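Everything on this sheet refers to the single structure shown next.
The values are calculated or read from the model by the stated rules, or taken from the named source; none is laboratory data. Since this is a predicted model, take the numbers as computed values, not measurements. Neighbour counts run over all protein chains shown; Cβ positions are idealised from the backbone, glycine included. Calculation scope for accessible area: heavy atoms of the full protein, side chains included, ligands and nucleic acids excluded. Shrake-Rupley method; radii C 1.70, N 1.55, O 1.52, S 1.80 Å.
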Amino acid sequence: QMQLVESGGGLVQAGGSLRLSCAASGSIFGICLMGWYRQAPGKQRELVANIGTGSSTNYADSVKGRFTISRDNAKNTVDLQMNDLKPDDTAVYYCNAVNFGRLYWGQGTQVTVSS
């Protein structure tokens, strides 16, 4: 079993920045892909960004140029630096990891961007 714990959410004004962090613990040796998803009220959960073990990245079009995902394989952490935040970025953000083909989720952290 593996656990993912997120931190760093909060309330910020439009144009501001937040940094989300996620730490994996437990049976971590098979982790390949790590990433962040988000779910706004009344909407489906969507991919924000993900990163492979070789640091290849993938971003949703809506966050390109504003968000940066990074990963520390030694610490089994994945971070999401969010700049120039917009009210449409308001959502619960979930850390996600694939470990030996199984999908794991964190508990989620709220990000609220006020206009």
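Can you work out which of the residues in region 70-81 that are within 10 Å of the chain's Cα centre (by Cα) and hydrophobic (A, V, I, L, M, F, W, C) is farthest from residue 60 (Cα to Cα)? Explain how you work it out, then say what you get.
Of region 70-81, the ones within 10 Å of the chain's Cα centre (by Cα) are 70, 78-81.
Remaining after also requiring hydrophobic (A, V, I, L, M, F, W, C): 78, 80.
Numbers: 78: 17, 80: 13 Å.
Applying the filter and picking the extreme gives 78.
Output yes when any residue across region 4-23 is open to solvent by 60 Å² or more (accessible area, probe 1.4 Å) and closer than 19 Å to residue 100 by Cβ, and no when none is.
No: zero hits.
Scan region 105-115 residue by residue and report those that are under 24 Å from residue 55 (Cα atoms) and in a strand (DSSP E or B).
Within region 105-115, 105, 109 qualify.
In region 105-115, what residues are touching a strand residue (DSSP E or B) at 6+ places or on another chain (Cβ under 6 Å), polar (S, T, N, Q) and open to solvent by 70 Å² or more (accessible area, probe 1.4 Å)?
Matches in region 105-115: 110 only.
Check residue 94 against each of (1) within 10 Å of the chain's Cα centre (by Cα); (2) at pLDDT below 95 and name the one condition it does not meet.
Evaluating residue 94 over (1) within 10 Å of the chain's Cα centre (by Cα); (2) at pLDDT below 95 leaves (2) as the failure.
Scan region 28-50 for residues that are surrounded by 13 or more Cβ atoms within 10 Å (Cβ to Cβ) and among the polar types (S, T, N, Q) and jot them down.
Residues satisfying the conditions are 39, 50.
Counting just the residues of region 24-50 that are assigned to a loop (DSSP other than H, G, I, E, B) and among the aliphatic types (A, V, I, L, M), which one comes out farthest from residue 101 (Cα to Cα)? Let's see the steps before the verdict.
Step one: filter region 24-50 for residues assigned to a loop (DSSP other than H, G, I, E, B), giving 27-30, 40-45.
Narrowing the set further to residues that are among the aliphatic types (A, V, I, L, M) leaves 28, 40.
Working: 28: 12, 40: 27 Å.
If we take residues in region 24-50 being assigned to a loop (DSSP other than H, G, I, E, B) and among the aliphatic types (A, V, I, L, M), then 40 is farthest from residue 101 (Cα to Cα).
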